[in-house]
Amino acid sequence: MKNLFLFLFFSLLGFNNILAQEKNKTISFVLVVDGEILNANTNITFLINSENSEDKILATYYPGTLSLSQADYEKLISDNTKSMYLRYNQSNYTNGKINSCDFLIEYNKIWIQDTYNILRLYNLGKGKYKNKIEPLSKTKNYTFEVESSRGQMLRVRKS
């Protein structure tokens with residue numbers, strides 16, 4: 001009887017844990033920064049504006065995949081979501097200095113629903129892309145390109 005009680009107790013406990021675990025949504029997503037595929041795990045934040053609120057959604061990027069909870073994914077693609085921004089902060093330590101660029105780009109929710117996304121971010125304040133591509137605005141020294149299964153959006157290059 002004691003064994004039966006322990007079996008039932010641990011079975012219910014295990015069933016409860018299964019129900020409590022949140023399902024994750026994974027998206028085929030490649031992040032390229034200044035021509036180099038990001039090959040490290042990092043966090044990406046989505047800022048969404050809906051009719052009544054603003055939310056931050058944290059997603060985990062690891063090479064080739066963007067992972068977030070199913071509930072957060074549903075918020076991203078919801079009809080209530082009026083606009084969405086992707087934020088990624090890149091920091092590098094070179095020559096004894098920390099260089100940082102905070103990318104904040106408007107991201108179309110239809111892109112996130114595609115079978116894959118390739119997001120190319122360009123820091124125009126340094127390196128080979130300086131003075132080669134127009135920045136998003138005069139106050140932002142970066143730009144982006146995106147490719148998905150539906151098409152691509154590329155920036156005009158200066159000659």
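So for each of 130-143, 90-103 I average, over its residues, the number of other beta carbons within 10 Å; can you give me the resulting order with the highest mean first? All intermediate terms of the calculation are to be shown ahead of the outcome.
On the way: 130-143: 13.4, 90-103: 11.4.
Output ranking for 130-143, 90-103: 130-143, 90-103.
7 Å from Cα along Cα→Cβ at both Asn52 and Ser83: what's the point-to-point distance in nm?
If labels sit at Asn52 and Ser83, their model points lie 2.1 nm apart.
How would Arg150, Arg120 line up by accessible area, probe 1.4 Å, largest first?
Order by accessible area, largest first: Arg150, Arg120.
Out of all Cα-Cα pairs in the chain, roughly what percent, to the nearest whole number, are more than 25 Å apart?
Working: 5322 of 12561 pairs.
Result for the distance tail: 42 percent.
So for segment 18-159, taking the charge dipole from beta-carbon charges (+1 Lys/Arg, -1 Asp/Glu), which of Gly125, Ala71, Phe46 sits furthest toward the positive end?
Positive-most Cα among the choices belongs to Gly125.
Quick one: length gained pulling Tyr93 to Asn108 fully straight, 0.36 nm per residue minus the C-alpha distance? Numbers along the way, then the final one.
Numbers: separation 15, 0.36 × 15 = 5.40 nm, distance 3.16 nm.
Once the chain is fully extended between Tyr93 and Asn108, it gains 2.2 nm.
In whole percent, and with a 1.4 Å probe on the protein chains, what portion of the accessible area of the chain is carbon and sulfur?
Carbon plus sulfur share of accessible area: 51 percent.
So if each residue of separation counts as 0.36 nm, and I subtract the Cα-Cα distance between Ser149 and Ser69, what length gain in nm does that give?
Fully extending the segment from Ser149 to Ser69 adds 26.5 nm.
Which whole-number value in Å² is the accessible area per residue of the chain, probe 1.4 Å? Can you show the working numbers first?
Working: 10430 Å² over 159 residues.
With all protein chains present, the chain gives 66 Å² per residue.
How big is the charge dipole of the chain about its Cα centre, in debye rounded to the nearest 20, if each Lys and Arg gets +1 on its Cβ and each Asp and Glu gets -1 on its Cβ? Kindly include the intermediate steps, with their values, before the conclusion.
Working: 20 positive and 15 negative charges, 134 e Å.
Charge dipole of the chain: 640 debye, to the nearest 20.
When the helix-only estimate is applied to the chain (DSSP H runs of n ≥ 4, each -39,500 (n - 2.57), divided by the residue count), what is the mean residue ellipticity at 222 nm, nearest 500 deg cm²/dmol?
Calculated at 222 nm, the ellipticity per residue is -6000 deg cm²/dmol.
The values are calculated or read from the model by the stated rules, or taken from the named source; none is laboratory data. As the structure is a computational prediction, the values presented were derived from the model and not from experiment. Note that we place each Cβ from the backbone using ideal geometry, even for glycine, and neighbour counts take in every protein chain shown. Heads up: the accessible areas ignore ligands, DNA and RNA and are worked out on the full protein's heavy atoms, side chains in. Shrake-Rupley method; radii C 1.70, N 1.55, O 1.52, S 1.80 Å.
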